[in-house]
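Working notes, structure below.
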Amino acid sequence: MSADQKSGYAAPSPPAPGELMNTRIAIVATRWNCEIVDALIDGARQALSDWGVRGSNTRLYRVPGAFEVPLACERIAHGKHFDAVVALGAVIRGETPHFDFVAGECARGLQDVMLRYGIPLGFGVLTVDTVEQATARSGEGKDNKGYESAQAVLEMIRFEWGLETS
């Protein structure tokens, strides 16, 4: 197995017809690295569509950069208008330690929001060394990290529903 293949991941069962149709999803995406982030948005929207989420139940919010993503997600979670949030962005390493601070604080902030509000939050903020790595992770198909992040929140919504019925 090559280093770029996933190992041990068992794909979820497909949604039943209408299962997630009324699910409300917010997408928070950065304005930096627009071409890459737009491709992540496309991937997330494709996953939501594949899983049967109505397009009218999805809302896109743009923020300046990855450092601002946790605050936007916190405001959305606090409002309780959405069942989950998909956070998308691309932080590409540069010549200074700026990358480490932005990437780390974004991840920490998103986890804090998820745990504080108990809302599924998809972490689709790429943290890569090069534009080429970001491009590879934002291509078409189910390996797009936007797709994977949206799918992850839908799986977590199912998980929560399972807890409610047990």
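The values are calculated or read from the model by the stated rules, or taken from the named source; none is laboratory data. What you are looking at is a predicted structure, and each value in this text was computed from that prediction instead of being measured. Don't worry about glycine lacking a Cβ; one is built from the backbone with ideal geometry, like all the others, and counts go over all protein chains shown. All accessible areas refer to the heavy atoms of the entire protein, side chains included, with ligands and DNA or RNA removed. Shrake-Rupley method; radii C 1.70, N 1.55, O 1.52, S 1.80 Å.
Just how much of Thr58 is accessible, in Å², when a 1.4 Å probe is used and the result is rounded to the nearest 10?
Spelled out: Thr58, probe radius 1.4 Å, area about 40 Å².
If I build a Gaussian network model for the chain, linking alpha-carbon pairs within less than 10 angstrom, which residue out of Gly124, Gly52, Gly94 has the largest mean-square fluctuation?
Evaluated over the chain, the most mobile residue of the options is Gly94.
If amide hydrogens are placed 1.01 Å from N in the peptide plane, which non-local residues have theirs closer than 5 Å to the one on Ile27?
Sorted by chain and number, the residues that satisfy this are Arg59, Leu60, Tyr61, Val86.
Report the accessible area of Phe101, computed with a 1.4 Å probe over the heavy atoms of all protein chains in place, in Å² rounded to the nearest 10.
Near enough 140 Å² of accessible area.
At 0.36 nm per residue, and after removing the present C-alpha to C-alpha distance, how many nm does the segment from Asp38 to Leu115 gain when stretched out fully?
Taking Asp38 through Leu115 to full extension adds about 25.0 nm, to one decimal.
Taking the highest mean first, how do the peptides 75-81, 102-108, 160-166 order by number of other beta carbon atoms within 10 angstrom per residue?
102-108, 75-81, 160-166
Provide the per residue accessible area, probe 1.4 Å, for the chain, rounded to a whole number of square angstrom.
57 Å²
Under a Cβ-Cβ cut-off of 13 Å, what is the net charge of the residues other than Gly94 that fall near it, where Lys and Arg count +1 and Asp and Glu count -1?
-2
Treat each spin label as a single point 7 Å out from the Cα along the C-beta direction, and report the His78 to Ser166 distance in nm.
3.3 nm
HN-Hα J couplings of the range 21-29 from phi, Karplus 6.51/-1.76/1.60, θ = phi - 60°, integer Hz, Gly and Pro as x?
Working through the residues one at a time gives 4, 9, 5, 9, 10, 9, 10, 10, 10 Hz.
Could you work out which residue, out of Ala150, Ala39, Ala136, moves most in a Gaussian network model of the chain, that is, has the largest mean-square fluctuation with Cα springs under 10 Å?
Ala136
³J(HN,Hα) across the range 10-18 via Karplus (A = 6.51, B = -1.76, C = 1.60, θ = phi - 60°), whole Hz, x for Gly/Pro?
9, 4, x, 5, x, x, 6, x, x
With no solvent and one equal point scatterer per Cα, compute the Debye intensity ratio I(q)/I(0) for the chain at 0.10, 0.11, 0.21 Å⁻¹ and report its log10, rounded to two decimals.
These q points yield log10 I(q)/I(0) values of -0.35, -0.43, -1.46.
Can you give me the % of accessible surface on the chain that is carbon or sulfur? Probe 1.4 Å, all protein chains present, nothing else counted.
54 percent
Could you list which residues have their amide H under 5 Å from that of Val91, counting only those 5 or more apart in sequence or on another chain, with H placed in the peptide plane?
Leu126, Thr127, Val128
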